[in-house]
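Below is one structure, written out as structure tokens, with a few remarks after it.
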Amino acid sequence: MKNILYSGKVRDIYAHEDSNKLYIKTSDRLSSFDKHICNLENKGKILTLICAFMFTKTKHIISNHYISHINNILVVKKCIPAKIEFVVRGYITGNTKTSLWTHYNNGVRNYCGIQFPDNLKKNQKLAEPVITPTTKDIEDIPISKEEIMNRNYMTQNECDFVYEKAMELFKYGQKIADNAGFILVDTKYEFGKDENNNIILIDEIHTCDSSRYWIKKTYENRFRNDIEPEKLDKDTIRDWVKSQCNPYTDDIPDIPEDLKKRTIESYRYFYESISKNNN
């Protein structure tokens, strides 16, 4: 891998010897609040294992770009990515400026064209999962389904198809998580078109970076007592950062080593649990 085509916050994309394929290298970098936060040792390798597992488990729902992997590198089909990412949420939560809870707590009741009722609490389960898309620009901008079509990001047929598949993927992901004793809280999906103009799933799927996961057995009691859920994702580090500074305007302090260790161990525990309980 010599010719780098794109370097992102976490992933780097390289040209493949076959012009119809790409290499995606997942680094150990952890990103949040629109900036690099820290590195977590072996995070890239664990995320790649989760992706490979989840892409394989969900290919009956929609085709995806995954071909193979080694260490922290995916070999994938080359696709033309859509300029929208689709966030599916089963709970109202979050601590970033794009999170549903942040908007709701600031008084917003209509978000991405969806009307939310009053008196919801942070970390509450929604009556039904919802899809809240965002644009993939320099800054993620919430957008409704109607706006996606009106701005010609997708046709109505394409949009309907993606919405249907995103919801199917989410519900199947919830089942996989539930089998291992976890709750898939929310996640994001990205889609692209392959060489035959078919829409397929790309990027990553159901990882601890792109999703929120909570421990199922303690959720209800903690929610009733206004205690944050036990988490298996990068929110553990996000929460600490927000307790120390304004992450959007201040310099990020060094992340404590014990917190980094606990976080990467939770990623490893998650992968081992889902692969063991979803044969």
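Some observations on this one:
Per-residue answers, yes or no, for (1) closer than 29 Å to I13 by Cα; (2) touching a His at 6+ places or on another chain (Cβ under 7 Å); (3) modelled with pLDDT under 95; (4) surrounded by 19 or more Cβ atoms within 10 Å (Cβ to Cβ):
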position	(1), (2), (3), (4)
N198	yes, no, no, no
D209	yes, no, no, yes
R212	yes, no, no, yes
N221	no, no, no, no
D235	yes, no, no, yes
V241	yes, no, no, yes
D258	no, no, no, no
E272	yes, no, no, no
N277	no, no, no, no
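- Within the stretch 26-42, residues that are within 12 Å of V241 (Cβ to Cβ) sit with their Cβ atoms under 9 Å from residues that are among the aromatic types (F, W, Y) and not in a strand (DSSP E or B), at 6+ positions apart or across chains, in these pairs: F33/Y248; K35/Y248.
- Counted residues, the stretch 205-218 - those being in contact (Cβ under 8 Å) with a residue 24 or more places away in the chain, in contact with a Phe, Trp or Tyr (Cβ under 9 Å, 6 or more places away or on another chain) and at negative phi: 9
- Count of residues meeting criterion [under 18 Å from E139 (Cβ atoms) and not in a loop (DSSP other than H, G, I, E, B)] in the stretch 7-36: 4
- Cβ-Cβ under 9 Å pairs, at least 6 apart or on other chains, the stretch 140-158 side surrounded by fewer than 17 Cβ atoms within 10 Å (Cβ to Cβ), far side part of a strand (DSSP E or B) and hydrophobic (A, V, I, L, M, F, W, C): S144/I114; E158/A82; E158/F191; E158/I199
- Taking the criterion of being over 19 Å from G192 (Cα atoms) and among the basic types (K, R), the residues of the stretch 1-41 that qualify are K2, K9, R29, K35.
- Scanning the stretch 84-97 for any residue that is under 29 Å from N246 (Cα atoms), exposed (fewer than 15 other Cβ atoms within 10 Å of the Cβ) and of a type in the set (D, E) turns up nothing.
- Any hit, the stretch 70-84, residues being out of contact with any strand residue (DSSP E or B) (no Cβ under 8 Å at 6 or more places or on another chain) and either at pLDDT 95 or above or closer than 16 Å to I205 by Cβ (or both): yes
- Any hit, the stretch 130-144, residues being in contact with a Cys (Cβ under 8 Å, 6 or more places away or on another chain) and not in a strand (DSSP E or B): yes
- The stretch 162-190: number of residues that are closer than 14 Å to I215 by Cα, not in a helix (DSSP H, G or I) and not small (G, A, S): 5
The values are calculated or read from the model by the stated rules, or taken from the named source; none is laboratory data. What you are looking at is a predicted structure, and each value in this text was computed from that prediction instead of being measured. Backbone-built Cβ (ideal geometry, glycine too); neighbour counts: all protein chains shown.
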